Amino acid sequence: MSSIREVTEICRDLGYYPGPVEFARKNNYLMNKFAFPAHVVKLFIVAILILAGIFFLRSELFDTDKLLALAREYTGHWWLVPVLILAQIILYTFALSGSYALWITAPLYSPVIATTILATGGTLGAICAYYFSRNLTDKWVARVERSKSYKLLQHHNNFLSLFALRTLPGFPHGLINYSSGILDTRLAHFLPATILGFAIKFYIYSTVIHNATEVISKEETLDFSALGPLVLLSLLAFTGVFIRHRLDNKTAS
């Protein structure tokens with residue numbers, strides 16, 4: 001141990017071994033220099049997920065027909081729909097992602113039924129989050145007030161702004177709900193915008209996901225008629241990420 005200390009001290013004296021402060025400074029410099037913007041990281045993650053999905057589909061590691069048939073057996077039970085709606089209410093109330101319910105519901109039900117389930121659960125969850133926001137801690141309120149949703153609604157607290165935020169991909173509904181509650185947005189604006197926004201958005205998403213699932217289960221060729229909506233959905237998601245990035249830059253400036 002003493003020899004190691006001696007070598008360490010000699011290296012430090014010769015300038016080959018940085019001290020803790022200098023090492024931390026250099027490390028932070030390298031991390032900042034090679035760090036990627038947040039929107040680039042998000043797009044990279046989306047691309048990785050898409051490639052992973054294609055890989056699992058092509059490799060046939062899972063029998064999608066059996067998994068889908070097994071899952072659809074549960075749609076005949078009366079309790080599944082209330083469970084899906086209740087799960088959404090809980091997720092939205094605590095500002096968690098409700099997309100989990102989308103990826104479960106859309107492949108199992110027709111687009112109209114899936115949209116009804118998702119819009120009902122999303123709207124009820126949004127109302128719960130609207131009132132729950134009044135019990136948030138000061139730390140959470142400050143976090144919401146720094147969000148883009150809050151700053152936009154603070155100056156444009158109307159039906160059109162809420163409707164645009166609901167339908168635009170990439171905006172977290174939890175922050176929209178909490179911002180509306182903190183700003184005491186009129187329910188006459190909040191409810192119609194939420195219902196219509198969820199209905200339109202979830203119908204598009206459910207149709208794309210359900211049709212893609214049907215194509216895969218029937219082992220049809222993935223031509224443009226099947227891939228086109230998926231590509232359009234991906235472009236909408238990328239557009240939402242890009243718009244959020246631009247809003248971040250405007251807010252920072």
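For every other residue with a beta carbon closer than 14 angstrom to the beta carbon of Thr123, add +1 if it is Lys or Arg and -1 if Asp or Glu, then tell me the sum.
Values: positive: Arg166, Lys201; negative: none.
Summing Lys and Arg as +1 and Asp and Glu as -1 gives +2.
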With charges only on Cβ, +1 for K and R and -1 for D and E, what is the dipole size of the range 104-222 about its Cα centre, in debye, rounded to 20?
480 debye
Footprinting exposure proxy for Tyr205, Tyr74 (fewest neighbouring C-beta atoms within 10 Å first):
Tyr74, Tyr205
Neighbour net charge for Asn157 - beta-carbon separation under 15 angstrom, K R +1, D E -1
+2
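What is the range 82-217 by shape, rounded, prolate or oblate, if you read a ≥ b ≥ c off the alpha carbon gyration tensor as root eigenvalues and call it rounded for a/c under 1.5, prolate for a/b larger than b/c, and oblate otherwise? Don't jump to the answer; show the numbers that get you there.
On the way: a/c = 2.23, a/b = 1.84, b/c = 1.21.
Prolate, because a/c is 1.5 or more and a/b exceeds b/c.
Computed from the coordinates by the stated procedures, all read-outs in this text should not be read as laboratory data. All values reported here derive from a predicted model rather than from experimental measurement. As a convention, Cβ positions derive from the backbone with ideal geometry for all residues, glycine included, and neighbour counts pool all protein chains shown.
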